[in-house]
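A short worksheet on the structure shown next.
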Amino acid sequence: MTKKFIIILIILIILLLGYLLVFKMKIIDSVLKTIYPIEYSEYVEKYSEENGLDKYLVYAIIKAESNFDSHVTSSSNAKGLMQLMEETAIERSNIIDEETIESHDLYDPETNIKLGTSYYAYLLNLYNGNNVLALTAYNAGLGNVEEWIKEGIIKSDGSDIENIPYKETNNYVRKILNSYQMYIKLYDKENQ
């Protein structure tokens, strides 16, 4: 073999490896986008914008709450995509549009996302933009979070996520924050 042939062979191997790496990355990206889908985007984007929320965080909440199944009901009777309790949904509906809603309305994707984003925006505002505390309250309830802060179990700045006393809520907050980062990585081309 001549030196020229060996150099050409090395270049071809490098190009082939580069092609295979790009192909592998596209497959991984495709699989991850299946795991972290963008569904109901017309409603998520509309109501995220109306409520000043990051749409990728809303997708992460929906993924954690219902995995995009609009007809799911939890064991605690939370309903729909963002898993709203009927009482919370009625309260938000009365505040934002004074429409009367019924239990079955919570299975409607637009209604659920409209009310869920409104409620999350309320919590986020209440906690001065602190996603950890707002997510904790979204899952465990506002009263629990207020009590935990008052008793010094968690800090009012949300910096001690590990101290959230409910294991389910602790895992829930971490899961959403991780999913949120994955949504940004997969879909937010502006920040890459």
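Derivation of every value follows stated rules applied to the coordinates shown; laboratory data play no part. What you are looking at is a predicted structure, and each value in this text was computed from that prediction instead of being measured. Please note: Cβ atoms are built from the backbone with ideal geometry, for glycine as well, and neighbour counts cover all protein chains shown.
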Expected sort for 114-124, 38-48 on mean C-beta neighbours within 10 Å, highest first, is 114-124, 38-48
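Using only the C-alpha atoms of segment 39-191, find the volume of their convex hull and express it per residue in Å³.
Working: hull volume 16.8 nm³, N = 153.
Value for segment 39-191: 110 Å³ per residue.
Sum -39500 (n - 2.57) across every DSSP H segment of at least 4 residues in the chain, then divide by the residue count to get the 222 nm mean residue ellipticity, nearest 500.
On the way: 8 runs with 124 residues, N = 192.
Dividing the helical sum by the residues of the chain leaves -21500 deg cm²/dmol.
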Lys pairs in segment 39-191 with Cα under 23 Å (8 or more apart in sequence, or on separate chains) total 28
Treating only Lys and Arg (+1) and Asp and Glu (-1) as charged, each at its beta carbon, one finds that the chain has a dipole about its Cα centre, in Debye to the nearest 20, of 1820 debye
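Pop the C-beta distance of residue 100 and residue 75 into the FRET formula with R0 = 22 Å and round what comes out to the nearest 0.05.
0.25
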Distance in nm between residue 31 and residue 2 label points, each 7 Å along Cα→Cβ, equals 4.4 nm
The rounded separation in angstrom of the Cα centers of segment 152-192 and segment 72-147 is 18 Å
Computed from every Cα-Cα pair in segment 117-192, P(r) in 5 Å bins starting at 0 and rounded to whole percents is 3, 16, 25, 24, 16, 9, 5, 2, 0
Once normalised by the length of the chain, the mean sequence separation of its alpha carbon contacts under 8 Å that are 6 or more apart gives a contact order in percent of 19 percent
Here FRET efficiency (C-beta to C-beta, residue 50 to residue 162, R₀ 41 Å, nearest 0.05) is 0.75
Relative to the compact-globule estimate 2.2 N^0.38 Å (N residues), the Cα gyration radius of segment 54-127 stands at a ratio of 1.00
Any DSSP H helix in the chain with Cα axial reach of 27 Å or more and mean Kyte-Doolittle score of at least 1.6? Listed by number, the hits are 3-35
